[in-house]
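Everything below concerns the one structure shown next.
Laboratory data are not the source of any read-out in this text; all were calculated from the coordinates shown. Just so we're clear, the structure is a prediction, and the values are computed from it rather than from any experiment. Cβ placement follows ideal geometry from the backbone for every residue including glycine, while neighbour counts extend to all protein chains displayed.
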Amino acid sequence: MDPFDSAIRLLGPELRGRCVQLSAEERTRAEEIRLRRGRPPALCIGGKEIPLSAPPVTERDLLQCMELCSGGSAYAVEDELREGFLSAPGGHRLGICGRAVLRGGEVTGFREIASLCLRIARAVPGAADGLIGQMRQGDRVKSTLILSPPGRGKTTLLRDLIRQLSGAGVRIAVADERGEIAGCFRGEAAFPLGPLTDVMTGCPKAEAVWRLLRCMTPRAVALDEITGPADAEAVSQAAFTGVAILATAHAFSPEDVHRRALYRELVVTGVFEQVVFIDEARTPVILPLAEMIS
């Protein structure tokens, strides 16, 4: 099924009917569907929101979307709700914003939902074609850090790298904390990641890296979005066991490697052998390593 058609099946009938009427170009380019109570629904295309000519979103619209994304079982998705998102069928993800429910100082869920962000998941076979030839040195996979601003396709590129390397005989373990790489929903992956790929979801990335190293003996470990010291420490220690690391991180320019000590340290210490930046044309460009560590 087309990714957009798959995503709008997670909306109530009224909203779904309005989205069906969108042009082919809008449907193809849509990255997110934004629902805010009391405001018209909007499409996110190229990082910009485009309001739809539709009635304001109601509480019923929001609750219907959440029910469809959870498969009608709030109990089954309690852990995800605590983190403010839901993994949905088709590999899509629903971000949730509203009043947090606290117990013992920890978020246990949300009530009085104010807005939702339905991120449309798309597999793009061939996205890594321009990079795959630079990923090997003999039989060894080069540890690679992929950088870009949000919305330029970091996860899409990583997903296709995993698929192509796995298809070429590399055993890869994926620390997919939020299920965004494989698009897992109740244990079933929405996206093909190759025949030699093992995926662990629902586990914090840093812990998942260690579990995968101990249990699955991979030649490469992949994870999305290095965000803090725990992630950096895990990939640093894993890299020095001889395992290749494939990872992404947010950066608005190549110079961010210099400005962010977390990233720079990983490059300086040799955890990553190459750094890739996705430019405005969504083309992956390998950055000169000497400039990254100077």
Nearby lysines by direct alpha-carbon distance to LYS205 (threshold 18 angstrom, same-chain neighbours under 8 apart not counted): LYS154
For ASP198, net neighbour charge (Lys/Arg +1, Asp/Glu -1) across residues whose Cβ lies under 13 Å away: +3
Dipole magnitude of the range 3-119 about its Cα centre (Cβ charges: Lys, Arg +1; Asp, Glu -1), debye to nearest 20: 260 debye
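What does the charge add up to near GLU112, with Lys and Arg as +1, Asp and Glu as -1, over the other residues with Cβ less than 12 Å from its Cβ?
Details: positive: ARG37, ARG99, ARG111; negative: GLU59.
It works out to a net charge of +2.
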Rounded Å value of the spacing that divides the Cα centres of the range 129-150 and the range 188-239: 16 Å
Electrostatic dipole magnitude of the chain [Cβ: Lys, Arg +1; Asp, Glu -1; Cα centre; debye, to 20]: 200 debye
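The chain: longest stretch without exposed GluC sites (Glu not before Pro) (DSSP loop, at most 13 other Cβ within 10 Å), sites themselves excluded?
Between exposed loop sites, the widest span is 1-254.
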Extension gain from GLU59 to THR269, taking 0.36 nm per residue of separation minus the Cα-Cα distance: 70.5 nm
For VAL285, distant residues with modelled amide H under 5 Å away: PHE277, ILE278, ASP279
Charge dipole (the chain, unit charges on Cβ, about Cα centre) - positive-most of ALA208, GLY183, LEU118: LEU118
Calculated from backbone phi, Karplus (6.51, -1.76, 1.60) coupling profile of the range 24-31 in Hz, x at Gly/Pro: 4, 5, 4, 5, 6, 8, 4, 9
Listed residues PRO195, PRO229, PRO149, most fluctuating in the chain (Gaussian network, C-alpha, under 10 Å): PRO229
Cα→Cβ-extended label distance, 7 Å offset, between GLU26 and LEU102, nm: 4.1 nm
FRET efficiency, 1/(1 + (r/R0)^6) with R0 30 Å, evaluated for GLN137 and ALA281 via beta carbons: 0.65
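Quick check for me: using +1 on Lys/Arg Cβ and -1 on Asp/Glu Cβ, what's the dipole size of the range 129-293 about its Cα centre, in debye to the nearest 20?
320 debye
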Tensor-based shape of the range 129-293 (alpha-carbon gyration tensor, a/c under 1.5 rounded, otherwise prolate or oblate): rounded
